[in-house]
Amino acid sequence: MDNILVTGGLGYIGSHFITTLNPKKFKVIVVDNLSNSSVRVIDQIKKIINIEIVFYKINLSNEKLLDKIFKQHSINYVVHFAGLKSVNDSIEFPDFYYDNNVTSTDILLEKMLKHNVKKLIFSSSATVYGHQNKQPVNEDFSLNPINPYGETKKIIEDKLANIVIKFNDFSAICLRYFNPVGAHSSALIGENSIGSPNNLMPYLLGVASGKFKYLKIFGDNYNTPDGSGLRDYIHVMDLAESHNHSINFLKKNNGLFIFNIGTGKPYSVFDLIKTFEEVNQVRIPYQISNRRNGDVDVCYANVKKANDILGWKSKRSIEQICIDAWKWELNSLK
């Protein structure tokens, strides 16, 4: 049985990832500071899958406790989800983002090397691409992040590249996520933002359930067919499953590997709203607001590399995303 350390494991993507694991093959050690998650998620995960989870409430910057965790558990893989993730907040509080995302990862990598843990899967982001003249984006495009959040992801990718060069038995996969949305089909876990939601779907769900009067759409003057931003929305369970493929890949391959994780199909904000209204029979009133700094017109993935090399492919439709997200929202209101 392999031991997996999952940082940020009770957050949105981390919790969904754990549900995809085979409990006969994996024991999960979760570290999470609960800044945007809840310890109750453990019980919800266990209703879905009866897997052994050992939980530690810590910040990754807590070097002493992190060291103890590595000593106590013989870790085979680290899946690193922990990190702040709001583009808008990163523009307002850049130093906080650099300190939290980059410094904490430095400490994690230091402990991995100290305790001879040589397999890492890192949650990167499509924000590393920034503005690109050509779409869809390929993994070999030059990187040009236009906000501090994207810059932190690029810095960490660069650090991993240097470590792999320095230690030829250290291997890492950087998964560049596009726009994860939706929820587990059981409606037991989903995106549960603490405070005001920063992402489109949680905000949309808040309007659908009456928490907010209308959805604020940031800009309708993008260089796109309907004026709203075009994005690659991927079901969170499809994205979660890409990590299993990554673990299997690292069992047989050494080095640094980078993969886009998306669907390869762009949808606009208005497309998503219309689909949500149609499949769930719920009206979503909205108002147009000013564009936000750091938002690009179009961004969607070329996923051929992940399809061909990882053997992974997204399977769930935009309609399924909207159905599962609404089921989660209704269940969370009970």
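The values are calculated or read from the model by the stated rules, or taken from the named source; none is laboratory data. From a predicted model like this one, the values you see are computed outputs, not experimental measurements. Every residue, glycine among them, receives a Cβ derived from its backbone with ideal geometry; neighbour counts consider all protein chains shown.
Checking the conditions here, which among LEU120, LEU160 is aliphatic (A, V, I, L, M), more than 16 Å from ASN302 (Cα to Cα), in contact with a Cys (Cβ under 8 Å, 6 or more places away or on another chain) and at pLDDT 95 or above?
LEU160
Name the helices (runs of 4 or more DSSP H) wholly inside segment 1-91 in which the number of residues that are under 18 Å from the mean Cα position of the chain (by Cα) and among the aromatic types (Phe, Trp, Tyr) is 3 or more.
By residue number, no helices (runs of 4 or more DSSP H) qualify.
Pick from GLU191, GLU139: which is more than 18 Å from VAL78 (Cβ to Cβ), of a type outside the set (Val, Ile, Thr), in a loop (DSSP other than H, G, I, E, B) and in the same structural domain as LEU34 (by TED's automatic domain parsing)?
So the residue among GLU191, GLU139 that is more than 18 Å from VAL78 (Cβ to Cβ), of a type outside the set (Val, Ile, Thr), in a loop (DSSP other than H, G, I, E, B) and in the same structural domain as LEU34 (by TED's automatic domain parsing) is GLU139.
Among the residues of segment 53-66, are any closer than 26 Å to SER332 by Cα, crowded, with 23+ Cβ neighbours inside 10 Å and in contact (Cβ under 8 Å) with a residue 40 or more places away in the chain?
no
If you take the residues in segment 150-187 that are assigned to a helix (DSSP H, G or I) and in contact with a Gly (Cβ under 8 Å, 6 or more places away or on another chain), which one is surrounded by the most Cβ atoms within 10 Å (Cβ to Cβ)?
THR152
Anything in segment 207-234 that is over 25 Å from GLY130 (Cβ atoms), touching a residue at least 60 places away in the same chain (Cβ under 8 Å) and not hydrophobic (A, V, I, L, M, F, W, C)? List them, or say none.
Residues satisfying the conditions are SER209, LYS213, TYR214.
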